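This report concerns only the one structure given below.
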Amino acid sequence: MPLKIRGMNAGIDDIAIFIPKPYVHYMDFAAARGISPEKLEKGIGVKAMAIPDSDEDTATMAATACLRLMKKNNLSPKDIGRIEIATECGLDQSKALNSYTIGMLEQVYGKWALAHCGGRESKFACVSGSWALRDCWTEILAGENNGKASIVVMSDIAKYDIGSPGEYTQGAGAVALLVKESPRIISLDRGVASWVISDDYDFYRPHGHKTPVVNGKYSLDCYVEQVARAFAGFKRKALETRLVRTGLNFISAIDYFAFHLPFPKMGRKALERILAEEYVEEKMAFEAPLISYLRETHGDERAIKEILKLKNSEAVFRQKVEPSVLGCAHVGNIYTGSVFLSLASIIDNERLERKDIAGKRIVFLSYGSGSSAVVYSGVIGKGHADAAGKGILMPALENRNRISIEQYEALHKGEAKAPVAEKRGQFVLEGVDGNERRNYRFIEYG
Ligand code: HMG
């Protein structure tokens with residue numbers, strides 16, 4: 001008996017992104033490290049890495065993204081019931097990033113303005129952003145949100161040892177999602193989310209380490225394995241719930257894939273694995289009747305050819321994945337927020353291409369080292385263009401500062417004497433006192 005799922009729609013109504021202004025250009029990096037620029041541009045897919053300034057941390061990025069989301073939507077603190085934060089770069093073993101964030105926001109909105117906001121810091125490497133979103137979404141579906149919207153913030157700094165292979169996958173940034181009923185950007189599909197978890201040491205950062213221990217090649221294997229497993233579960237549930245009517249050429253029911261992207265090329269690797277599994281499954285189950293089935297359901301030969309072309313991974317990549325890599329290519333890995341950077345990239349990219357994506361289905365493929373994957377989907381709303389305005393990602397990439405390798409290394413080592421970038425309308429770290437208390441300040445728009 002197929003599951004029948006009905007009810008209200010909820011999901012992402014708007015997105016605000018904060019990216020630190022300093023960045024390292026891949027050509028400068030390649031020259032400094034003696035790496036071929038082609039390896040970075042084509043082998044990895046990276047063009048620039050965002051580097052946090054000396055007065056920025058995960059809390060300033062989270063609070064700034066949150067404030068931008070609230071200002072953009074004219075939200076007052078009473079409209080928000082919960083602020084949920086996902087990060088793998090927490091600032092304290094005990095005190096959650098939420099407290100710092102709320103403290104900063106109350107510098108703008110007034111003391112106690114957000115005292116009613118629930119929420120906590122969640123951690124599971126890069127996948128926890130998806131869990132934080134899911135928690136707020138299910139709270140709304142359960143009617144436990146007191147009629148208020150939630151904000152889910154992902155904030156991270158991907159920092160690797162200087163000279164290590166991970167170094168050219170660095171990045172930093174925060175993404176804030178407004179989660180509510182009848183959302184403009186994307187309504188999440190019910191009953192299809194699928195996840196998988198196992199105990200792995202592909203990438204981890206033991207207490208006290210400033211950078212992770214990375215088993216690079218093994219992490220690639222864990223990623224593709226876990227994502228493919230979670231995708232298989234998603235497919236099973238999508239068929240059971242009749243979200244998708246047939247498993248035959250299942251990929252054609254998906255308009256875009258929003259992968260967690262530690263670097264842009266990862267999307268291609270994961271897609272190839274998913275398509276290979278799909279192909280094997282189809283070959284075993286449907287190869288013989290495929291053509292006659294398509295003739296029956298689609299009639300003309302041109303439509304059949306279009307569908308068969310989708311078996312080709314290059315074509316699928318170009319159509320369904322490439323629009324999502326823009327952000328990662330220009331920012332790098334932002335860990336928890338990466339999968340939503342992919343979503344923002346799809347929206348901005350297709351807007352520039354003048355494509356109407358309302359009604360298109362996006363599948364999110366979220367991965368976190370350690371390791372776990374969550375796969376879920378949603379449908380782009382009619383109001384997405386209105387929410388996006390002149391772009392979601394693009395405004396975050398304006399007026400950036402290309403920094404030298406010397407400036408970058410000084411920031412990396414915590415030896416920069418002064419901030420590199422001029423700032424307006426954002427929070428900054430003023431200092432840390434002898435009791436490890438952090439002092440933040442808002443820089444006016446000016
Ligand atoms: P590496 O050893 O530099 O890679 O490490 P490589 O030598 O295999 O080269 C990479 C690609 O560049 C290859 O292509 C080469 O052929 C190509 P592929 O075979 O993969 O298709 N290449 C060239 N292409 C054009 N012109 C050239 C050229 N030379 C080489 N001249 C690695 C790569 C990703 C392993 C490394 O950067 C690393 O360790 N990164 C950090 C870990 C990571 O990002 N893992 C990804 C999966 S785990 C994950 O996503 C979770 C994470 O986000 C953390 C979390 O969950 O919290 C990291």
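List of remarks:
- Test result for Lys47, more than 25 Å from Asn399 (Cβ to Cβ) and of a type in the set (Lys, Arg): no
- Annotation note: of Gly327, Gly332, Gly247, the sole residue that is at pLDDT below 85 and of a type outside the set (Ser, Thr, Tyr) is Gly247.
- Meets criteria (surrounded by fewer than 20 Cβ atoms within 10 Å (Cβ to Cβ) and of a type in the set (A, V, I, L, M)) for Ala142: yes
- Number of the exception - Thr211 against (1) over 17 Å from Leu271 (Cα atoms); (2) more than 13 Å from the ligand (Cβ to nearest atom): (2)
- Test: residue in the range 287-299 that is more than 20 Å from Gly368 (Cα to Cα), at pLDDT below 95 and in a loop (DSSP other than H, G, I, E, B): yes
- Candidates are the residues of the range 217-274 that are of a type in the set (Phe, Trp, Tyr) and assigned to a helix (DSSP H, G or I); the one that is nearest to the ligand (Cβ to nearest atom) is Tyr223.
- For the range 101-117, the condition of being touching a helix residue (DSSP H, G or I) at 6+ places or on another chain (Cβ under 9 Å) and within 16 Å of the ligand (Cβ to nearest atom) holds for none of the residues.
Conditions tested, residue by residue: (1) touching a residue at least 40 places away in the same chain (Cβ under 8 Å); (2) within 16 Å of the ligand (Cβ to nearest atom); (3) under 24 Å from Pro206 (Cα atoms); (4) over 22 Å from the mean Cα position of the chain (by Cα).
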position: Lys39; (1), (2), (3), (4): no, yes, no, yes
position: Thr64; (1), (2), (3), (4): yes, no, no, no
position: Lys72; (1), (2), (3), (4): yes, no, no, no
position: Pro77; (1), (2), (3), (4): yes, no, no, yes
position: Glu121; (1), (2), (3), (4): no, yes, yes, no
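- The residue of the range 202-211 that is surrounded by the most Cβ atoms within 10 Å (Cβ to Cβ), among those that are more than 20 Å from the chain's Cα centre (by Cα) and not charged (D, E, K, R), is Thr211.
- Residue within the range 146-153 that is part of a strand (DSSP E or B), out of contact with any Cys (no Cβ under 7 Å at 6 or more places or on another chain) and closer than 12 Å to Asp14 by Cα present: yes
- Identity of the residue in the range 371-395, among the polar types (S, T, N, Q) and in a strand (DSSP E or B), that ends up nearest to the chain's Cα centre (by Cα): Ser377
- Test for Phe364: is it of a type in the set (Phe, Trp, Tyr), in contact with a Ser or Thr (Cβ under 7 Å, 6 or more places away or on another chain), at pLDDT 95 or above and within 30 Å of Glu106 (Cα to Cα): no
Here is a yes/no grid of residues against (1) within 21 Å of the chain's Cα centre (by Cα); (2) crowded, with 21+ Cβ neighbours inside 10 Å; (3) of a type in the set (S, T, N, Q):
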residue: Val196; (1), (2), (3): yes, no, no
residue: Asp200; (1), (2), (3): no, no, no
residue: Val214; (1), (2), (3): yes, no, no
residue: Cys222; (1), (2), (3): yes, yes, no
residue: Val227; (1), (2), (3): yes, yes, no
residue: Phe231; (1), (2), (3): yes, yes, no
residue: Leu248; (1), (2), (3): no, no, no
residue: Phe257; (1), (2), (3): yes, yes, no
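- Restricting the first member to the range 351-371 and to residues that are touching a residue at least 24 places away in the same chain (Cβ under 8 Å) and of a type in the set (Lys, Arg), and the second to residues that are assigned to a loop (DSSP other than H, G, I, E, B) and surrounded by fewer than 24 Cβ atoms within 10 Å (Cβ to Cβ), the beta-carbon pairs closer than 8 Å and six or more apart or on different chains are Arg351/Gly391; Lys360/Asp255; Arg361/Asp189; Arg361/Ile254; Arg361/Asp255.
- Condition check for Ala48: within 16 Å of the ligand (Cβ to nearest atom) and either modelled with pLDDT of 95 or more or surrounded by fewer than 18 Cβ atoms within 10 Å (Cβ to Cβ) (or both): yes
- Taking the range 396-430 as the range and being part of a helix (DSSP H, G or I), of a type in the set (Asp, Glu) and free of Cβ contacts under 8 Å to residues at least 60 places away in the same chain as the test, only Glu406 passes.
- Residue within the range 368-385 that is in contact with a His (Cβ under 9 Å, 6 or more places away or on another chain) and at pLDDT 95 or above present: yes
- Annotation: Lys42 fulfils all but one of (1) in a helix (DSSP H, G or I); (2) under 30 Å from Gly143 (Cβ atoms); the unmet one is (2).
- Among the numbered conditions (1) within 16 Å of the ligand (Cβ to nearest atom); (2) part of a helix (DSSP H, G or I); (3) of a type outside the set (Ser, Thr, Tyr); (4) touching a residue at least 12 places away in the same chain (Cβ under 8 Å), the only one that Ala59 does not meet is (1).
- Residues in the range 171-206 that are part of a loop (DSSP other than H, G, I, E, B), away from the ligand (no atom under 13 Å from the Cβ) and either more than 24 Å from Ile157 (Cβ to Cβ) or touching a residue at least 60 places away in the same chain (Cβ under 8 Å) (or both): Ser182, Pro183, Arg184, Ile185, Asp189, Arg190, Gly191, Val192, Ala193, Ser198, Asp199.
The values are calculated or read from the model by the stated rules, or taken from the named source; none is laboratory data. Only a predicted model underlies this, so the values are computations on that prediction, with no experimental measurement involved. We place every Cβ from the backbone using ideal geometry, glycine too, and count neighbours over all the protein chains shown.
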